[in-house]
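Here's the structure we're looking at; comments come further down.
The values are calculated or read from the model by the stated rules, or taken from the named source; none is laboratory data. Keep in mind that what you see is a predicted model, and the values were worked out from it rather than measured. FYI the Cβ positions are ideal-geometry reconstructions off the backbone, even for glycines, and counts take in every protein chain you see. Keep in mind that these areas ignore ligands, DNA and RNA; they rest on the heavy atoms of the full protein, side chains included. Shrake-Rupley method; radii C 1.70, N 1.55, O 1.52, S 1.80 Å.
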Amino acid sequence: MAAGVRRYDPGRRQRIIDAAIRVVAAKGIGGLSHRSVAAEADVPLGSTTYHFATLDDLLTAALRQAAEAFAPVLAVRPGEDLAGALARLLGETLSADRGRAELEYELYLAALRRPALRPVAAEWCGALADALEEHTDPVTARALVAVMDGVALQVLLTGAPYDEPYAHEVLARVLRPGA
């Protein structure tokens, strides 16, 4: 191909997002740069800045993808209470791929220092709360999301094993008025 001729590459943007997620998984947010992502995606540096003018734009896309991948299917099994279903779902999320859970929370928590990420982080919380509203009221749904985030962060930060009976009890207390 002649120099200066562009090739149509419809998958390039997605490869860049996937590469950004791999870079954050391997090196943390501090290791993310247009250059590190370009190298990981095996694309020219200019491609990363063409698709994502700023690192916040790239992180927003990565966080949105992580949130979509995280979006759980809330299935309450016959005879299972909502607290039990949520405790099980949380356990499945944390045990399926702990590295993936750490990555998702690192991207989620990046919104603390990067205001551009906050709308996507809010969407992440809102999606689970919306799903829970099919089973409870909006305030309780938000409280359940907060408890699940807290339990997940404690497990991820301390390296402690996930304690499903404890999570079940805490979630049940949120669901029990006057508990």
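Of the residues in segment 90-138, how many are closer than 20 Å to VAL23 by Cα, of a type in the set (Asp, Glu) and free of Cβ contacts under 8 Å to residues at least 40 places away in the same chain?
Total meeting the criteria: 2.
Name the residues in segment 93-135 that are basic (Lys, Arg) and modelled with pLDDT under 85, would you?
ARG98, ARG100, listed by residue number.
If I ask for residues that are within 17 Å of LEU103 (Cα to Cα) and free of Cβ contacts under 8 Å to residues at least 24 places away in the same chain, which ones from segment 37-60 would you list?
Scanning segment 37-60 gives VAL37, GLU40, LEU55.
Just the residues that are modelled with pLDDT of 70 or more and within 18 Å of GLU106 (Cα to Cα), please, taken from segment 64-84.
ARG64, GLN65, ALA66, ALA67, GLU68, listed by residue number.
Determine, yes or no, whether LEU45 is under 22 Å from LEU109 (Cβ atoms) and modelled with pLDDT of 90 or more.
Criteria not met by LEU45.
Among ALA38, ALA53, which is open to solvent by less than 60 Å² (accessible area, probe 1.4 Å) and either small (Gly, Ala, Ser) or under 23 Å from TYR105 (Cα atoms) (or both)?
Unique residue meeting the criteria: ALA38.
Within segment 12-39, work out how many residues are modelled with pLDDT of 90 or more and in a loop (DSSP other than H, G, I, E, B).
Result for segment 12-39: 2.
Please go through segment 162-179 and pick out each residue that is open to solvent by 30 Å² or more (accessible area, probe 1.4 Å), more than 22 Å from ARG100 (Cβ to Cβ) and assigned to a helix (DSSP H, G or I).
PRO165, TYR166, HIS168, GLU169, VAL170, ARG173, VAL174, LEU175
Taking the stated definitions as given, is ASP163 at pLDDT 90 or above, out of contact with any helix residue (DSSP H, G or I) (no Cβ under 7 Å at 6 or more places or on another chain) and over 14 Å from VAL174 (Cβ atoms)?
Here the answer is yes, as ASP163 does meet what is asked.
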